[in-house]
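I have placed the structure first, in the form of structure tokens, so that the comments after it can refer back to it.
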Amino acid sequence: MGKTSKDKRDIYYRRAKEEGWRARSAFKLLQIDDEFNIFNGVTKAVDLCAAPGSWSQVLSRRLNQNYQKLKETSTDVVAPKIIAVDLQAMAPIEGVVQIQGDITNVTTAEQIIAHFGNEHADLVVCDGAPDVTGLHDMDIYIQSQLLLAALKITTQILKPKGTFVAKIFRAKDASLLYSQLKIFFTSVTCAKPRSSRNSSFEAFVVCKDFCPPEGFEPSSLNPLLSNFDHLPEINKYIAPFVICGDLSQPDSDTTYPLDFEGKKFQYCEPTQSPISPPYEEAMALLSITNLGKDPNSVTLKGNTMTIAEF
Ligand code: SAM
């Protein structure tokens with residue numbers, strides 16, 4: 001496969017590199033914001049499941065632009081604070097505090113609130129995805145559990161009236177998830193950005209106006225809906241479905257020529273190579289150059305070792 005074949009097949013992948021985003025997912029958050037104005041008035045934001053960091057880049061660029069604009073007319077403006085959480089290490093992003101940890105861990109919410117000087121966030125976003133197993137039902141189940149875990153930590157770190165955006169798989173039981181979200185938010189919408197492939201059942205819930213039910217006690221230790229007796233009955237809720245981005249935005253399922261929209265194509269390297277990716281060990285093993293030639297030694301990245309040393 002040629003070096004540019006992915007650039008041809010996936011216009012958002014190509015644009016991400018041209019515009020300096022670490023992943024094409026950046027466009028999903030940008031298109032969600034264009035439709036729902038989620039960054040309006042936000043000074044404290046949390047990016048759950050953030051690596052490699054394109055959503056954190058979007059938060060950093062957009063919140064800082066808003067801050068600079070407000071500063072022109074007022075002296076009483078607060079600089080944005082952004083926190084990114086992921087199991088994996090992430091290359092640094094200016095203005096983003098990183099926590100390498102698990103969103104299901106009891107201490108993660110406490111660490112976030114401590115970074116905000118004991119205040120709560122205005123916005124929580126989560127693009128979390130578990131490693132896909134290929135077993136459709138299993139993948140959907142694990143994704144829904146991750147969404148509930150994100151909702152649980154969000155109930156501990158989000159301000160009243162705050163906004164929560166998270167990835168959801170539009171599958172059989174999605175309406176149960178919408179109903180559970182509707183317990184905590186006045187408005188729950190299912191959004192499909194044009195940069196998210198039609199062929200993928202991925203979508204995003206945009207939940208506005210956080211208002212937990214009376215008597216709800218956010219807790220890291222109890223299951224999310226353990227004090228269910230005090231909560232209003234969940235009725236089946238069908239979330240409105242909104243496509244984000246109009247027809248002027250490229251279609252993520254279309255193959256475009258390399259020279260496009262009057263621009264001559266120039267190959268760009270990815271913005272940020274992964275740091276310590278899970279496939280690193282396999283790549284190292286692939287670089288064993290004399291495998292099979294000498295049964296007693298291997299050459300790994302130029303160093304020859306005996307099999308016993310290896
Ligand atoms: N939004 C990111 C971006 O734009 O660069 C991409 C996120 S990637 C699709 C999903 C991430 O979810 C992975 O980096 C994975 O490590 C993270 N993740 C999955 N389960 C997690 C958990 N329990 N706690 C923290 N991160 C988790």
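The values are calculated or read from the model by the stated rules, or taken from the named source; none is laboratory data. A quick note: this is a predicted structure, and the numbers were derived from the prediction, not measured. So basically every Cβ, Gly included, is an ideal-geometry build from the backbone, and we count neighbours across all protein chains shown.
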Out of (1) within 16 Å of the ligand (Cβ to nearest atom); (2) buried (at least 17 other Cβ atoms within 10 Å of the Cβ), the odd one out for residue 132 is which?
(2)
If we scan segment 105-116, do we find a residue that is within 16 Å of the ligand (Cβ to nearest atom), over 15 Å from the mean Cα position of the chain (by Cα) and either small (Gly, Ala, Ser) or not in a helix (DSSP H, G or I) (or both)?
yes
Residue list for segment 49-97, restricted to those being away from the ligand (no atom under 12 Å from the Cβ) and buried (at least 24 other Cβ atoms within 10 Å of the Cβ)
82, 83
What tally of residues in segment 1-42 results from selecting those that are touching a strand residue (DSSP E or B) at 6+ places or on another chain (Cβ under 6 Å) and polar (S, T, N, Q)?
1
Across segment 12-47, which residue is nearest to the ligand (Cβ to nearest atom) among those that are under 29 Å from residue 258 (Cα atoms) and aliphatic (A, V, I, L, M)?
23
With respect to residue 179, determine if the residue is free of Cβ contacts under 8 Å to residues at least 60 places away in the same chain and either more than 16 Å from the ligand (Cβ to nearest atom) or part of a loop (DSSP other than H, G, I, E, B) (or both).
yes
Among the residues of segment 158-167, is any polar (S, T, N, Q) and at pLDDT below 95?
no
Over segment 182-204, the set of residues in a strand (DSSP E or B) and farther than 12 Å from residue 238 by Cα is 185, 186, 191, 192, 193, 202, 203, 204
Give me the pairs, please: first residue somewhere in segment 152-173 and in a strand (DSSP E or B), second residue anywhere and surrounded by 15 or more Cβ atoms within 10 Å (Cβ to Cβ) and among the hydroxyl-bearing types (Ser, Thr, Tyr), beta-carbon distance under 9 Å, and either six or more positions apart or on two chains.
162/154; 164/154; 166/154; 168/144; 168/178; 169/144
Counting just the residues of segment 36-65 that are of a type outside the set (A, V, I, L, M, F, W, C) and touching a Ser or Thr at 6+ places or on another chain (Cβ under 7 Å), which one comes out farthest from residue 126 (Cα to Cα)?
54
